[in-house]
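Written below as structure tokens is the structure these notes are about.
The values are calculated or read from the model by the stated rules, or taken from the named source; none is laboratory data. Note that this is a predicted model, so its numbers are computed, not measured. Note that we place each Cβ from the backbone using ideal geometry, even for glycine, and neighbour counts take in every protein chain shown.
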Amino acid sequence: MTPGQLNGAMPTGQSLLAIRDLDLFFDTRQGPVQALAGVTLDLAPGESLGIVGETGSGKSMTARAVMGLLPKSGRISGGSIRLKGQELTGLSARALRAIRGRQVAMVFQEAKRALNPVKTIGSQIMEAARARDGVTKAQAWERCLTQLARVGLPDPDRVMRSYSFELSGGMAQRVMIAIATVAGAELIIADEPTAALDVSIQAQILDLLNQLRSDLGTALVMITHDLGVAAENCDRIAVMYLGQIVEIAPADRLFQDPRHPYTCALIAALPSPEQRGRPIGEVRRVAPPPKGYAYADRRLGRGGVNPDKAQMIEVAEGHFVACQQPLPGAQAADGGRE
Amino acid sequence: MSNSHSVLAKIGKRFVNSAFVLLVLTVVVFAAMRAIPGDPVETIVGVEAVSEETLAALRKEMGLDQSYVVQYFTWLGNLLQGDMGQSLQNHEPVLPILLDRLKATAELAFLGVLIGAVVGVAAGTIAGMTRGSFFDTLVMFVTLSGISIPVFWFGTILIVVFSVYFDIFPTGGMISYEVSLTHVTGFKLLDSLLTLNGAAFLNVLSHIVLPAITLSTAPAALIARTTRASVLETINEDYVNAALARGLSFPAVVMRHVMRNAMIPVVTILGLEIGVYLGGSIVTETLFSWPGLGRHLMQAILAHDYPVVQGAIIFYAVIIVFINLIVDISYGIIDPRVHA
Amino acid sequence: MNDMSDKTPRAAQADGDLAVTGLSVSFPVRGGGLLPFLRGKERAAVRAVQDVTLAVRRGEMVGVAGESGSGKSTLARAFVQLQAPTGGRVTLGGQPVSSLDPLAFREQVQMVFQDPYNSLNPRRKVGTIITDSLVVHKRGTPAERRAQALEMLDRVHLTPAHFDRYPHELSGGQRQRVAIARALILNPKFLILDEPTSALDVSVQAKVIDLIQELERDLNLGSLFITHDLNLIGYLTDRVAVMYMGRIVESGAVETIWANPLHPYTRALMEATPSHKSVRGKTRALLKGEIPSNVNLPRGCAFHTRCPRRIPGICDTALPLPQTVEGRTVACHLYNDLPGAAPFAAGPGEEPAA
């Protein structure tokens, strides 16, 4: 278990995005509250990673930390975020601007709220298109039209002249995706991109994201509370709980062989027709968890984060589970809560 | 979707509503004047002992012997023809006097609104952007004082300090007696500019500074606080984050995405503040002997000069209604959703 | 009629059922003013629910599934008399509810709302919130009411300590338990649940769902469960009605429909619903286009604008009649007699002849 193979994805050199031991605190009147504790993950170019978790798990904060869009009271106190080898934490506002939009772009949960209601779509997508170096206004405009057509919006000219309130939720999210991709970003961070949409529209948007990913080779980090969405659309899935990644694995493995008790609980809590007649929310453990995992007794510090930093151990290729430092020689029972 | 037809229809509708409001107001003003104790005739006659017959003759001459209903409709009928009657005191026609006085008030109010809006919006925006900073704390403190201090007290302090003690500005009036100014529009600052009369311009300016500051203090404070709150709210909107995520700089985001949205509630406050401005102008004009509508109204009320008071209040009402109409139209310019 | 109880021996208005028959709800579109009215123009209206017939029996849970604009929430509100129908009627035990005393009706039918943050008055304590209906219905002494509320808190797995808390001191799941306790304090026979768990996290939802199942069983409740989550419907409910643009397109036993959905919309909705059991990169028939507006409903079958199996010339002109096919009711031209052959009883946009 050397630090280099911490979550075993790949050596840092090949990663598009490499987050190491990221700690995030919020300064509140009651003192600092830890929001992220030792988040570590890697993302390969073109890969799609789902980050799932419930409210307060830190999944959105992880995304915002990468974008450098943390709330004012948020403070990164340790760890690193590297994009193509470039350290992002502590970067100047100017340097950060050169990365936003051009290398990393973001898609928000409620597209209609992520579009300025008093400005035309055109003016907003142009802001992104012109972020590219050496693009004339006319070229940028052309690119915008192309990109709007590419995300499946008929009549891009008209869309350019419209306002967000004239668009449906699905159309607005297509616009947001066009804005995110127009400057050629290699990584898109989508924060619950379909949570506000109807199922049939959600399917269209997810389909579009997958399409763009295969066409443009863009990598995708998808933050979602919906395990089904992650399962169907991501190569790998990281499960977050109280500011930590408790398990990270290839999508199919995670659902076939979940190891961390929290992952097991989360999957067990999902209602499905197959579960009919059986109570949900009960953990039926598939395999014994590694010894001493973080969730064992939910010993949580103030602010909700486990005081003892867990370590990731690899239980199968590419499948990592958070685990407290095992006590030497201790052979205690797993202590899981059934 | 917006189209010019529906916009015009909306404005037309607003005009009809405004006319109705004004009509109701004429009744209220007329009734209120009659309800105030005191008799205009006796006020004019003063303390001299006059026979009942003389008083009755005077009343008949002024039309005050008729029933209130007849008086009202006579007045309303004339009003609709642009005739506001004659002053009971000096028998001059009301309308031309009021129009003349209105110009002085307009100049004062315009400058007051300008100072209030510019100072208020600027202070509020910077305070909102730097929440929790020293400047923000300062703005919050100063604006709270600005809202709390009564106009007459603040004006008096300004006169005492800047006119009496330091003798920088005159204590009152609009233009010094010895300064000559050619009449072009009747707006003195404008006229002095049009006639390239620098001396007169500076003279009027020195007269207008203190009352304009007095007038604008409370509204500026309120506008600053509203702007600050509005900027704070807008800055947390998703579209601001989204604009930052596209690689725009923070100042650029504030200019392009925060200001226009943040101005929507500010415009509302500004519209509502017009009433405050006009109310404040009565006190301010009296205090600074500014020959405007407010001071004239004050004098007319004391003299029970019904036609002048009624006329002046109708003037105020028309101004407020008209400015609110402009505010409503400006929403449509700021916010495209209004037409939807 | 879209009556899912046709095929059962019991009629829709059997004793004790809570039912709607031919229910329609439409809202006039705001604006327009007096002029269109004077000109005799028909005012534009949002047709939220159209000609819906649905019954809930005691001891069963009926799911209503649909997307935005399907009318499912309006239907729920109409069931509890929070929304006056513009057509059709609501009956309780065969009696039109309009003829019932409102208090008597409320004693039997209660509702739980979607957002536990807005549905509880922030300035009232949990105890007051729960006992309020007892006060309104003039039941018991203060001490008895308190005892009853404490018992109810226990039933929803909260503690007596929660009695004196304010809603903001509770988590989302706890608030929803309070909302359920409030609904059940009068010992109703029917419970209308409008997306009661969609604002909650998965693990919290699981516990609230478990509670709802437990209470339904113990109290022999009849309930209507409104949700957009097909996985939840498939897990939880006995019967289901799938709605699209204000009408029921398919209804029947959940197991029957889930095993083989017949209506193209039901099928598309099920395919679009993500599941952690799905294979990655599965191909699915995506529904094209947007959900239409409730003001300008498409002619004929409202779904024809997005339907992958649309029959030109039929689906876009005539309203499909509900048919009993393979043990469920489905309103789709594919299952009417031969496409194009049968004369259709109903004109476009009109109610089918009974």
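Filter region C:63-95 for residues that are farther than 25 Å from residue C:297 by Cβ and either of a type in the set (D, E, K, R) or touching a strand residue (DSSP E or B) at 6+ places or on another chain (Cβ under 6 Å) (or both) and give the result. Give the steps one after another, and end with the answer.
Initial filter on region C:63-95 (farther than 25 Å from residue C:297 by Cβ): C:80-81, C:91-95.
Selection gives C:80, C:91, C:92.
Considering only region C:201-230, state which residues are in a loop (DSSP other than H, G, I, E, B) and at the interface with chain A (Cβ under 9 Å from one of its Cβ atoms). Let's see the steps before the verdict.
Taking region C:201-230 as the starting set, the residues that turn out to be in a loop (DSSP other than H, G, I, E, B) are C:201, C:220-221, C:228-229.
Correct list: C:201, C:228, C:229.
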Restricting to region B:249-267, name every residue that is at the interface with another protein chain (Cβ under 7 Å from one of its Cβ atoms) and crowded, with 23+ Cβ neighbours inside 10 Å.
B:257
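Identify, from the list B:181, B:210, B:196, the residue that is in the same structural domain as residue B:293 (by TED's automatic domain parsing) and not in a loop (DSSP other than H, G, I, E, B).
After ruling out the rest, the residue left standing is B:210.
So which residues in region A:198-213 are closer than 13 Å to residue A:109 by Cβ and more than 8 Å from chain C (Cβ to nearest Cβ), if there are any at all? Steps first, answer last, please.
The first filter runs over region A:198-213 and keeps only residues closer than 13 Å to residue A:109 by Cβ, leaving A:202, A:205.
Answer for region A:198-213, where residues must be closer than 13 Å to residue A:109 by Cβ and more than 8 Å from chain C (Cβ to nearest Cβ): just A:205.
Grab the strands (runs of 3 or more DSSP E) fully contained in region A:204-315, keeping just those with 1 or more residues being within 30 Å of residue C:260 (Cβ to Cβ) and at pLDDT 85 or above.
On the way: elements: A:219-224, A:236-241, A:244-250.
Hits in region A:204-315: A:219-224.
I'm checking my understanding of the structure. Among residues of region A:94-108 that are in a loop (DSSP other than H, G, I, E, B) and modelled with pLDDT of 90 or more, which one is farthest from the other protein chains (Cβ to nearest Cβ)? Before you say what the answer is, go through the steps one by one.
Filtering region A:94-108 down to residues in a loop (DSSP other than H, G, I, E, B) leaves A:101-103, A:108.
Right, trim to modelled with pLDDT of 90 or more and you get A:103, A:108.
Values: A:103: 9, A:108: 5 Å.
Among those that are in a loop (DSSP other than H, G, I, E, B) and modelled with pLDDT of 90 or more, it is A:103.
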Residue hits (region C:243-274; facing another protein chain (nearest Cβ under 10 Å) and in a loop (DSSP other than H, G, I, E, B)) are C:273, C:274
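Would you mention how many residues in region A:156-172 are in a loop (DSSP other than H, G, I, E, B) and touching a Ser or Thr at 6+ places or on another chain (Cβ under 8 Å)? Reasoning before the result, please.
In the first step, residues of region A:156-172 are kept if they are in a loop (DSSP other than H, G, I, E, B); the result is A:162-163, A:167-168.
When the remaining residues are screened for being touching a Ser or Thr at 6+ places or on another chain (Cβ under 8 Å), the result is A:162-163.
Residues in region A:156-172 being in a loop (DSSP other than H, G, I, E, B) and touching a Ser or Thr at 6+ places or on another chain (Cβ under 8 Å): 2 in total.
Kindly check whether there is at least one residue in region A:182-197 that is in a helix (DSSP H, G or I), under 27 Å from residue C:230 (Cβ atoms), at pLDDT 90 or above and within 14 Å of chain C (Cβ to nearest Cβ). Talk me through it step by step, then tell me what you get.
Quick first cut of region A:182-197, residues in a helix (DSSP H, G or I) only: A:182.
This time we only want the ones that are under 27 Å from residue C:230 (Cβ atoms), so: none.
Checked region A:182-197: no residue is in a helix (DSSP H, G or I), under 27 Å from residue C:230 (Cβ atoms), at pLDDT 90 or above and within 14 Å of chain C (Cβ to nearest Cβ).
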Note: among B:277, B:316, just one is closer than 18 Å to residue B:95 by Cα, assigned to a helix (DSSP H, G or I) and hydroxyl-bearing (Ser, Thr, Tyr), namely B:316
Those residues of region A:109-120 that are facing chain B (nearest Cβ under 7 Å) and among the polar types (S, T, N, Q) come to a total of 1
On the given criteria, is residue B:295 within 30 Å of residue A:120 (Cα to Cα) and of a type in the set (D, E, K, R)?
no
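Of the residues A:153, A:145, A:91, A:69, which single one is in a helix (DSSP H, G or I) and without any contact (Cβ under 8 Å) to a residue 40 or more places away in the chain?
Numbers: A:153 fails: in a helix (DSSP H, G or I); A:91 fails: in a helix (DSSP H, G or I); A:69 fails: in a helix (DSSP H, G or I).
After ruling out the rest, the residue left standing is A:145.
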Of all residues in region A:13-59, which are surrounded by fewer than 20 Cβ atoms within 10 Å (Cβ to Cβ) and either assigned to a helix (DSSP H, G or I) or hydrophobic (A, V, I, L, M, F, W, C) (or both)?
A:13, A:14, A:26, A:33, A:44
Is at least one residue of region C:115-135 touching a residue at least 60 places away in the same chain (Cβ under 8 Å) and of a type in the set (D, E, K, R)?
yes
When residue C:173 is run through (1) within 14 Å of another protein chain (Cβ to nearest Cβ); (2) surrounded by fewer than 19 Cβ atoms within 10 Å (Cβ to Cβ), the failure sits at (2)
Go through (1) part of a helix (DSSP H, G or I); (2) of a type in the set (A, V, I, L, M); (3) outside the structural domain of residue B:267 (by TED's automatic domain parsing) and name the single condition residue B:88 misses.
(1)
Taking the stated definitions as given, is residue B:248 of a type in the set (A, V, I, L, M, F, W, C), in the same structural domain as residue B:321 (by TED's automatic domain parsing) and assigned to a loop (DSSP other than H, G, I, E, B)?
yes
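Can you confirm whether region A:237-253 contains a residue that is touching a residue at least 24 places away in the same chain (Cβ under 8 Å), more than 8 Å from every other protein chain (Cβ to nearest Cβ) and surrounded by fewer than 21 Cβ atoms within 10 Å (Cβ to Cβ)? Walk me through how you get there before you give the answer.
Of the residues in region A:237-253, the ones touching a residue at least 24 places away in the same chain (Cβ under 8 Å) are A:237-251, A:253.
Subset that is more than 8 Å from every other protein chain (Cβ to nearest Cβ): A:237-250, A:253.
After this cut, where a residue has to be surrounded by fewer than 21 Cβ atoms within 10 Å (Cβ to Cβ) as well, the list is A:250, A:253.
Yes: region A:237-253 contains one or more residues that are touching a residue at least 24 places away in the same chain (Cβ under 8 Å), more than 8 Å from every other protein chain (Cβ to nearest Cβ) and surrounded by fewer than 21 Cβ atoms within 10 Å (Cβ to Cβ).
Can we say residue A:196 is buried (at least 24 other Cβ atoms within 10 Å of the Cβ) and either in contact with an Asp or Glu (Cβ under 6 Å, 6 or more places away or on another chain) or on the phi < 0 side of the Ramachandran plot (or both)? Working first, answer last.
Numbers: buried (at least 24 other Cβ atoms within 10 Å of the Cβ): no; either in contact with an Asp or Glu (Cβ under 6 Å, 6 or more places away or on another chain) or on the phi < 0 side of the Ramachandran plot (or both): yes.
Criteria not met by residue A:196.
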